[in-house]
1. Which FRET efficiency, nearest 0.05, do Glu534 and Ser208 yield, Cβ-Cβ r, R0 51 Å?
2. Given the pairs Lys164/Lys332; Lys164/Lys322; Lys153/Lys237; Lys71/Lys158, which span a C-alpha to C-alpha distance of over 24 angstrom in this model?
3. Near Lys92, which aspartates and glutamates are there with a Cα under 18 Å away, not counting those fewer than 8 places off in the same chain?
4. Would you grab the residues whose amide H sits under 5 Å from the one on Gly106? Only those 5+ places off in sequence or on another chain, please, with H modelled 1.01 Å from N.
5. Using alpha-carbon pairs under 8 Å, 6+ residues apart, how would you state the relative contact order of region 397-550 in percent?
6. If the chain between Gln117 and Gln404 were fully stretched, how many nm would it gain, using 0.36 nm times the residue separation less the Cα-Cα distance?
7. Where the only charges are on Cβ atoms (+1 Lys, Arg; -1 Asp, Glu), what is the dipole of region 397-550 about its Cα centre, to the nearest 20 debye?
8. Once label points are set 7 Å from the Cα along Cα→Cβ at both Glu517 and Arg66, what is their separation, rounded to one decimal in nm?
Amino acid sequence: MSRGRLLVYLLRRDLRVSDNPVLHHLVTTSDHGFTHLLPVYVFPANQVEVSGFLKDGEQSPYPPARSQVGKFWRCGPHRAKFTAETVWDMKKNLEDLGSGLLIRIGTAKDVVNHLVQEMKETVTSVGGVWMTEEPSWEEAQEQESISLLCSEKEIEFKLWKDEKYFIDDRDNGLESPEGLPDVFTTYRKSQEPLREKPRKVLSKPGESSLPAMPQNGFIPAQAHPFVSPSSLEDLQKRLAKPLQNMMCNPPHRPENATDGHPFSGGETSAWERLRHSAKSGALTSYKETRNGLVGTDYSTKLSGYLALGCLTARQIHEELLKLEDGTDEQYKDAVGYGEGENDGTKGIRFELLWRDYMRLCTAKFGRKLFRLSGFRQQDGSYNKKWKTATEKIADPEQDPPPSQISKILERFQNGTTGMGLVDASQRELYHTGYTSNRARQNVASFLSKHLQIDWRYGAEWYEMMLTDYDVSSNWANWQYVAGVGNDPRGDARTFNPIKQAFDYDIEGTFVRMWMAELQGLDKLENVFQVCTTEAAELESCGLSENIMVTDPVKKIEFYVDRKPRATRRVYNKRRGHPRGGRWLGNSKNQYHSGSGMSSEAAANESTSTLGVDAETRDRDRKAREAQQFHDTTWRGNYTGGLPMNMHVHGGRGWQGGDQSRGRGNVGHFSGSWRPHGQRGGFRGRYPFIPQMPYAQFPGGAQ
Ligand SMILES: Cc1cc2nc3c(=O)[nH]c(=O)nc-3n(C[C@H](O)[C@H](O)[C@H](O)COP(=O)(O)OP(=O)(O)OC[C@H]3O[C@@H](n4cnc5c(N)ncnc54)[C@H](O)[C@@H]3O)c2cc1C
């Protein structure tokens, strides 16, 4: 009997059968030289805790999969479940094509080594290993180790470009990652028009078109001391086992709290989600809704699928084209069908480019992605003192000391800091594995800028908790918000979480939904910062002894002003209101107004394109702020028709002066508040989130 030549395809973040360059190559090329194909997925022991797969009484040969700074589990329960679903869906999809998927536990290198050894004497020995490239440090190390192993064993190794990004590396004009501009806007402009750039997707392999799987009897069993999962339920149970009791005081889940990300993992669900978003009109209204906090449809919720490669950015682009060009009947009832590119679809392309950009940053900066000093200060002059919970690296003068920071971090995680928007987001994250982009920005800013705590605790916390964790998007966004990454304003941009709550949680629905204990509070300012509540109300709501009241982690003073209309108009301009102002009067820049971190950055950067120099901008800003601070201020209730203003003071002793004073955190909104005693009061036109259609969100704020 002639011997077969087996190709091992190691899957990592390319868990899809369509638009897959490796599978596509195998079915469209006849001279690849392999008689058999064995697709393999390895749950990597350094990133996912695998002790749940140990045989009874056995010890794991691998150290626990804990993070470096905070020692958290690297993959928490939500992503573990989502990944299990994704892998199982991939297995089924491959089986439907007449192939299959081998699921293994360990490291990719150990698994390949074991396969090569055990199959050496069989009729199908391993002749090659293929995998797709990832730019991040650990993944690149893994690639390197497999490549070396293959060369030792004298078998073929091939690293494929995974074509899952929006603009293919072959088309972005960069000769090497080093050529990537350090400002996103510069990169974006070099790639426009974005609609023209993505390549066509690759077709899905037909049934029985892939090289055959080796017969079952020839595939070696899972190596000792682990067992391989027998079903999806078994897989989920084993992944979840070590993650029990991961937090000492987990937040309680309120009965009425809805899940903004109730989706299962896998390519099949990814397509259901994408098609639903196109049919429901959510892609067309994306620009207006993307800063939402409650519901499933304010943003695409495709990030988890993109992170595991269940879907490619160019597949999303292709569905956008069908919607815009009116070429797919299934979308014929959707708003915007056949009407060309609109603000929503344009906005999605813009965000997909941000995702590409962060991946390119990873390729450019390598391990600096995980460094406290970030991408900045490459000359080694970085000397900012971050607060840490680790005694041996803390500055002897650190105030508060590491033991206190440890307690603050615990409260940051379980959502009891007393800062409503931040706490609600953390509780949502804990219970659902998702929180919106707007909330993420505030959480990251609060930890890194207001508390000045080592931002990597936050990035690692997100790595554990997020379903959609993606190494580049997570760490580069944390760097950006912490002021050590590619935000041109660096340390100068600080989010005021109370103003942000007033801006984006207009009726307090989000915070009240996740913070059950605050549901009885009348005024929004108290919901957003409970320690500001009057003693009698605290007493009646049973909150007098609550730690968020007795010992808030941070106190931000908050004022309400009477404002003349003129000031409000100036503020509209400052935020890039589409109708006006020289700051963003250019229609090309209108998408950027007030939407998300990435867009905010663009809004800032775009000012320079309109010829407003830094000095003029600074003078304008100071003038606006001076006027605002001279107006009558008072703290307390909103009593009808009041534009609002606020500023920030250094709170408790140790925080000292707050960086956010006068840094773009002042603002106004117009409208009328319901009389006292009626909750949730803002009604009326809101200047920079035009007609946010909460009512449209299924499961959204009522
Ligand atoms: C501190 C922080 C940590 C983050 N961590 C992650 C992470 O681990 N994984 C992740 O995918 N995103 C991360 N983001 C970016 C962003 O918050 C999420 O991509 C987005 O909230 C996912 O929801 P969505 O799919 O509905 O996004 P949509 O608003 O529908 O956007 C469409 C897609 O564009 C991409 N995108 C949108 N915003 C960004 C952005 N700011 N940066 C990069 N890509 C973006 C995502 O792939 C997203 O799926 C982080 C942002 C911050 C501020």
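Read the figures in this text as sums done on the coordinates, not as results from a lab. Computed from a predicted structure; not experimentally measured. All Cβ positions, glycine included, derive from the backbone under ideal geometry; neighbour counts span all protein chains shown.
1. So, using R0 = 51 Å, E works out to roughly 0.10.
2. Over 24 Å apart, Cα to Cα: Lys164/Lys332; Lys153/Lys237; Lys71/Lys158.
3. Straight-line reach from Lys92, under 18 Å: Asp14, Asp19, Glu207, Glu233, Asp234, Glu267, Glu272.
4. Placed amide hydrogens put Phe43, Ala45 under 5 Å from Gly106.
5. Relative contact order here is 24 percent.
6. Working it through step by step, the gained length comes to 98.1 nm.
7. About 360 debye.
8. Here the answer is 2.9 nm between the modelled labels.
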